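The values are calculated or read from the model by the stated rules, or taken from the named source; none is laboratory data. The structure presented is a predicted model; accordingly, all values stated were derived computationally and were not measured. Using ideal geometry, Cβ is built from the backbone for each residue, glycine included, and neighbour counts are taken over all protein chains shown. Ligands, DNA and RNA are excluded from the accessible area calculation, which covers all protein heavy atoms including side chains. Shrake-Rupley method; radii C 1.70, N 1.55, O 1.52, S 1.80 Å.
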Amino acid sequence: MVALMQRIRLENQSIFQEVNDFLSTRKSDRLAQAQKQAEDLSQFRQQLGQEIDEFLTSTAKSRQAQAEAQAEELRQFRSQLEQETNEFLATTTKSRYAQAQEQAAALDAFHKELEQKTEEFLANAAKTRIAEAQKQAAQLSAFHKELEQKTSAFLADTAKTRIAEAQKQAEELSAFHKELEQKTSAFLTDTTTDRAAKAAAQKEALRQFRQDLFLTVIGV
């Protein structure tokens with residue numbers, strides 16, 4: 001009886017150990033998978049931030065280069081215009097001095113008008129670029145929010161699925177334990193009943209043997 005109980009206890013311990021090892025392995029695999037997903041998400045965010053920074057830097061350099069080129073063209077135009085004007089005035093006679101002054105005034109008015117139009121053009125271009133940049137920033141912000149929402153929803157769904165699986169496994173393990181206990185109790189009950197019956201039969205046989213022996217001795 002003691003040996004049987006020891007064997008049952010060892011089998012129960014072996015079953016519990018196998019169940020714990022199985023659950024530990026599943027937990028390690030899921031933890032590794034969650035860490036890998038977190039690393040992939042972090043790398044994606046870093047890459048996205050780097051690409052955005054590179055895009056903004058490239059755009060700023062391109063716009064600055066265009067502005068510098070326009071300023072250089074305007075400076076060369078003014079320098080050439082002043083040089084041509086000086087040459088023209090130097091070769092013009094006194095009789096044409098008044099006409100030259102009138103032309104200079106017209107030229108100055110042209111310069112002012114050109115500067116005004118240039119400033120208006122640059123202001124409109126700047127407004128357009130600012131509006132485009134704001135639109136891009138708004139789109140980028142919306143993309144970030146959508147990405148965060150999808151990421152949160154994905155992690156929430158994953159957590160719910162894992163919790164449901166863990167609860168199901170716990171229920172299955174509890175049912176297995178109960179079934180094992182019931183089978184063990186039934187086995188022990190049947191074994192005890194069988195041994196009690198055998199002991200009673202042996203006792204009755206011994207009593208009958210003694211009685212027969214006594215009768216045999218008395219008869220002699």
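In segment 116-155, of all residues being in contact (Cβ under 8 Å) with a residue 40 or more places away in the chain and β-branched (Val, Ile, Thr), the one that is farthest from Leu31 (Cα to Cα) corresponds to Thr118. Of the residues that make up segment 166-182, is at least one closer than 20 Å to Ala34 by Cα and surrounded by 12 or more Cβ atoms within 10 Å (Cβ to Cβ)? Yes, segment 166-182 has at least one match.
Which residue out of Glu120, Glu171, Glu146 is of a type outside the set (Val, Ile, Thr), more than 30 Å from Phe55 (Cα to Cα) and part of a helix (DSSP H, G or I)? First the steps, then the outcome.
Numbers: Glu120 fails: more than 30 Å from Phe55 (Cα to Cα); Glu146 fails: more than 30 Å from Phe55 (Cα to Cα).
None of the other options fit; the residue is Glu171.
Mind checking which residues of segment 52-94 are among the charged types (D, E, K, R), open to solvent by 80 Å² or more (accessible area, probe 1.4 Å) and either within 30 Å of Ala126 (Cα to Cα) or in contact (Cβ under 8 Å) with a residue 24 or more places away in the chain (or both)? Write out each step before concluding.
Filtering segment 52-94 down to residues among the charged types (D, E, K, R) leaves 53-54, 61, 63, 68, 72-73, 75, 78, 82, 84, 87, 94.
Those left that are additionally open to solvent by 80 Å² or more (accessible area, probe 1.4 Å): 53-54, 61, 68, 73, 75, 78, 82, 84, 87, 94.
Asp53, Glu54, Lys61, Glu68, Glu73, Arg75, Arg78, Glu82 - these are the residues of segment 52-94 that are among the charged types (D, E, K, R), open to solvent by 80 Å² or more (accessible area, probe 1.4 Å) and either within 30 Å of Ala126 (Cα to Cα) or in contact (Cβ under 8 Å) with a residue 24 or more places away in the chain (or both).
Taking Ala159, is it assigned to a helix (DSSP H, G or I), of a type in the set (Gly, Ala, Ser), under 30 Å from Leu31 (Cα atoms) and free of Cβ contacts under 8 Å to residues at least 40 places away in the same chain? In short, yes.
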